[in-house]
Amino acid sequence: MICLFGPDGSGKTTLARLLALYLRLRGYSVCVVWVRASHSVAFVLYRFFRLFRSFRGVCNPFHGVCIPSRLRRVWLFIEFVSIIPAVLVKFVALRVFGCFVVGERGLIDLPVWLAVSLRDYRVLWSVFSRASIALSRLLCVNIYVRAELDALLSRRRGYPEAYTIPLQLKLYDLISRAYSQPSVDTSRSNIYRSLREVVEIARRRVRNLV
């Protein structure tokens, strides 16, 4: 399994699709999947919270909800538990059935997005975040896809999450350095040159990859 992670606008989706095409042309059965946050139970709760004015806000721009500070520890647990079924179905089960899994987002994206949407950077050092990153490193070859801030903002101009991108970039850079993850910078690079970099990283880390 190869999992790309990084801020919105860095090129993960495009690279994942091109990598999938590259692998299919070499005879692999490939599935492109993604996880980030707010799956299963967490998703249902977010939709429920939107019914109440006291929960409404821009902390999470996709759901229009802010989780109160007194509930943040509980919410971390809910998010972590909620993502496990998604990982089992989208990653583990597909791999068991013989699919080469390419994640255009992975478990490393979960703690970053929770830190951003909960507006609490301590989330990165929580036991749930450390468990997410450890599980991702166990399951996947993780590749950090990044770009400079001006490129990210230009690509995501007008999107609801655009205001979170500067913080996303800082947190992703921090995690990448802390865990020594290989990276590809798409700031000024041709997308096909970036794909070659991803393929080279994958070849070094995936046994028998063509």
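The values are calculated or read from the model by the stated rules, or taken from the named source; none is laboratory data. Just so you know, these numbers come straight off a predicted model, no measurement behind them. Please note: Cβ atoms are built from the backbone with ideal geometry, for glycine as well, and neighbour counts cover all protein chains shown.
Numbers at a glance
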{"read-out": "Those residues of the stretch 81-127 which are closer than 27 Å to residue 206 by Cα, in a helix (DSSP H, G or I), in contact (Cβ under 8 Å) with a residue 12 or more places away in the chain and not basic (Lys, Arg), in sequence order", "value": "83, 85, 86, 87, 91, 92, 94, 109, 110, 111, 112"}
{"read-out": "Filter result for residue 91 (surrounded by 16 or more Cβ atoms within 10 Å (Cβ to Cβ) and in contact with a strand residue (DSSP E or B) (Cβ under 7 Å, 6 or more places away or on another chain))", "value": "yes"}
{"read-out": "Residue list for the stretch 15-29, filter: under 23 Å from residue 110 (Cα atoms) and either surrounded by fewer than 18 Cβ atoms within 10 Å (Cβ to Cβ) or free of Cβ contacts under 8 Å to residues at least 12 places away in the same chain (or both)", "value": "17"}
{"read-out": "Options 83, 108: the member that is buried (at least 23 other Cβ atoms within 10 Å of the Cβ) and in contact with a His (Cβ under 8 Å, 6 or more places away or on another chain)", "value": "83"}
{"read-out": "Those residues of the stretch 104-141 which are more than 15 Å from the chain's Cα centre (by Cα) and more than 15 Å from residue 36 (Cα to Cα), in sequence order", "value": "119, 120, 121, 122, 125, 126, 127, 138"}
{"read-out": "Single residue of the stretch 1-14 satisfying the filter (among the polar types (S, T, N, Q) and either closer than 16 Å to residue 202 by Cα or surrounded by fewer than 19 Cβ atoms within 10 Å (Cβ to Cβ) (or both)) that is nearest to the chain's Cα centre (by Cα)", "value": "13"}
{"read-out": "From 106, 98, residue being among the small types (Gly, Ala, Ser), at pLDDT below 95 and farther than 24 Å from residue 144 by Cα", "value": "98"}
